[in-house]
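Below you'll find the structure, written out as structure tokens, and then a few comments.
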Amino acid sequence: MITVSHVSKRYPGGYEALRNVSAQVEPGEMVFVTGHSGAGKSTLLKLVGGIERPTGGSVVINGKNITSMGRASLPFLRRNFGFIFQDHKLLFDRSVYANAALPLIISGFPRREIPRRVRAALDKVGLLDREKARPVTLSGGEQQRLCIARAIVNRPAILLADEPTGNLDAAYATEIIAMFKAFNQVGVTVVIATHDTALIRGLGARTVRLDHGAIAA
Amino acid sequence: MSWIFAHIDAFRDSMRRLLQQPFATVLNVAVFGIALALPCGFYIGLENVARFSRQLTSEPQLSLFLTVNADAGDVKAIEERLTRHAAVAEFRFVDRSTALEDLKRASGMSDVLSELQSNPLPHAFVVAGRSADPDLLEGLRDEASQWPSVEHVQLDSEWARKLDAALRIGRLLVTLLGVLLAFALVAVTFNTIRLQILTRRDEIEVSKLIGATNHFIRRPFLYLGGLQGLLGGVAAWLIVAIAVRMLNRELASFGGLFGLSPSLGHMTLQQIGVLLALAALLGWLGAWMSVSRHLWRMEPR
């Protein structure tokens with residue numbers, strides 16, 4: 001489903017975030033990308049999600065080489081993913097409901113079905129009773145769950161999560177990971193970048209470890 | 001169907017943003033209104049002068065004098081040429097004896113004129129051109145002077161021509177003013193929209209990350225620019241209309257002293273339409289430039 005081959009990413013200024021990275025994710029798989037901070041986990045996720053472009057190598061999603069895609073088709077590519085961002089990227093000037101509905105509005109989803117879909121997504125993350133609240137009034141864990149609700153509202157086949165448990169205490173983190181596990185069990189491909197190796201121990205999921213921008217042996 | 005909703009959303013969104021900052025909106029609309037009212041007002045003024053001068057000069061006329069010895073046959077031939085000529089709207093024949101009688105009556109010199117052995121006046125035609133275009137009239141004059149038994153053709157368009165030149169300079173100045181101010185309005189919108197983009201940076205970034213096309217992101221800003229321009233156009237129209245109304249009141253009391261009743265014409269519906277369309281277009285253009293420039297910066301590399 002996701003094939004990354006010989007990908008490298010060098011930022012303007014010469015910093016090389018990824019060097020010759022190859023990896024593969026099968027449909028329905030749940031994969032963790034681990035490594036110290038600065039190892040290139042976020043960069044790898046961004047390249048897969050079509051948010052950044054590699055300086056070398058190729059990324060193939062569902063048989064489509066996205067590295068050679070034109071700019072105009074990138075937005076449509078991104079709609080295939082549910083992206084959970086390290087810093088949430090919630091919009092604080094609107095309600096929880098409006099935040100979760102944004103992907104549907106962007107993709108031109110039929111109007112009448114939006115409320116149902118949004119409420120279903122909010123229900124899955126346990127935020128249904130907070131739909132009118134402003135994101136500022138949510139706790140860190142709730143904000144993360146809202147971010148997840150926004151990622152799944154489009155029912156994407158692939159979820160990409162960048163440090164979804166970053167600032168959460170252990171109990172909350174376990175809960176979030178269990179949530180991803182549940183999505184994975186209904187067939188969603190899940191890729192999670194995390195530095196917290198303790199968290200994934202005993203999950204039995206495959207792990208890709210990055211070290212200074214390269215795959216660690 | 002969803003694209004219609006997308007446009008309705010964008011329109012609502014831009015409307016809400018205009019109402020959210022009423023003070024800034026009023027100022028921007030005022031800038032637009034004043035900047036557009038200036039060239040519009042001058043233009044309307046020029047149009048009125050042109051109309052007024054057309055009223056004062058009766059139709060642009062040529063006087064065609066035949067040779068003194070021209071006979072009825074020659075008159076007939078000239079008549080035919082004038083009837084067929086494309087530049088001639090209408091003409092009137094002035095018989096030489098009638099002309100002499102008129103002169104006697106009008107000049108009060110009947111005694112002197114009666115002393116004359118023969119009638120010194122020639123037959124004449126008074127010809128009205130199809131338009132006031134000086135080139136057309138001069139062409140007709142030059143052509144008619146070549147006709148047989150035509151002694152002299154007199155064109156009374158000299159001062160019309162001067163006025164025309166003055167009006168042309170006026171129109172050029174108005175055009176220049178209009179172009180400069182149009183540029184300024186695009187620049188003003190560019191900056192307004194730039195501020196909007198900066199305050200909505202997060203929203204734009206998040207929308208792009210979750211798959212918004214550039215069209216989607218651009219749309220509310222384009223509507224905002226266009227709407228602001230349109231409101232500015234309405235303001236300009238109101239300014240011009242009020243100014244014309246006020247001037248007319250003054251002109252009425254001023255003209256009354258001379259037994260005249262001059263009045264300025266208002267903008268026509270068509271002119272108002274052009275003004276509003278142009279205003280909206282300028283706002284839209286400024287917004288488009290601004291959004292294009294700033295969206296490009298947010299592209300992934």
Surface share of carbon and sulfur [accessible, 1.4 angstrom probe, percent] for the stretch B:61-156: 48
Helix B:134-145 vs. chain B, principal-axis angle (Cα, 0 to 90°, nearest 10): 20
Kirkwood Rh and Cα Rg combined as Rg/Rh, the stretch A:7-122: 1.01
Mean separation of Cα contacts under 8 Å (6+ apart) over length of chain B, as relative contact order %: 29
Point-charge dipole on Cβ atoms (K/R +1, D/E -1) for the stretch B:186-266, about Cα centre, debye to 20: 140
Top of B:GLY232, B:GLY73, B:GLY283 by mean-square fluctuation, Gaussian network on chain B, Cα under 10 Å: B:GLY73
Total accessible area lost when A and B pair, probe 1.4 Å, Å² to nearest 100: 1900
Surface accessible to a 1.4 Å probe, per residue, for the residues of the stretch B:61-156, Å²: 61
Cα→Cβ-extended label distance, 7 Å offset, between B:ALA86 and A:ARG134, nm: 7.4
Portion, in percent, of the accessible area of chain A that falls on carbon or sulfur, probe 1.4 Å: 52
Angle between chain B longest axis and helix B:96-107 axis [Cα atoms, degrees, rounded to 10]: 80
Electrostatic dipole magnitude of chain A [Cβ: Lys, Arg +1; Asp, Glu -1; Cα centre; debye, to 20]: 740
On Cα atoms only, tilt of B:269-297 relative to the major axis of chain B in degrees: 40
Most mobile of A:PHE180, A:PHE81, A:PHE92 in a GNM of chain A (Cα contacts under 10 Å): A:PHE92
Positive-end residue of B:VAL244, B:ILE217, B:ALA106, charge dipole of the protein assembly as shown with Cβ unit charges: B:ILE217
Rg in Å to one decimal, and Dmax rounded to a whole Å, for the protein assembly as shown via C-alpha atoms: 39.8, 137
Average accessible area per residue (Å²) across chain A - probe 1.4 Å, nucleic acids and ligands excluded: 44
Rounded if a/c under 1.5, otherwise prolate or oblate - the stretch A:75-138, Cα gyration tensor axes: oblate
Environment charge at A:PRO135 (Cβ cut-off 14 Å; Lys +1, Arg +1, Asp -1, Glu -1): +1
Cut-off 14 Å between beta-carbons: net charge of the residues surrounding B:LEU264, Lys and Arg +1, Asp and Glu -1: +1
Computed over the stretch B:61-156: relative contact order in percent, which uses C-alpha pairs under 8 Å that are six or more apart: 52
Alpha carbon convex hull of chain B, projected area averaged over orientations, nm²: 25.2
Positions from the stretch B:1-33 whose accessible area shrinks by 20 Å² or more when the full protein complex is built, not the chain alone, probe 1.4 Å: B:SER2, B:PHE5, B:ASP9
Within the stretch B:61-156: Cβ-based charge dipole about Cα centre, in debye rounded to nearest 20 (Lys, Arg +1; Asp, Glu -1): 180
D_trans [Stokes-Einstein, Kirkwood Rh over alpha-carbon pairs] for the stretch B:59-156, 25 °C, 0.890 mPa s, µm² s⁻¹: 173
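The values are calculated or read from the model by the stated rules, or taken from the named source; none is laboratory data. Just so it is clear, the model here is predicted, and its values are computed rather than measured. In this analysis, Cβ positions are derived from the backbone assuming ideal geometry, glycine residues included, and neighbour counts consider all displayed protein chains. Note: accessible area is taken over every heavy atom of the protein model, side chains too, but ligands, DNA and RNA are not part of it. Shrake-Rupley method; radii C 1.70, N 1.55, O 1.52, S 1.80 Å.
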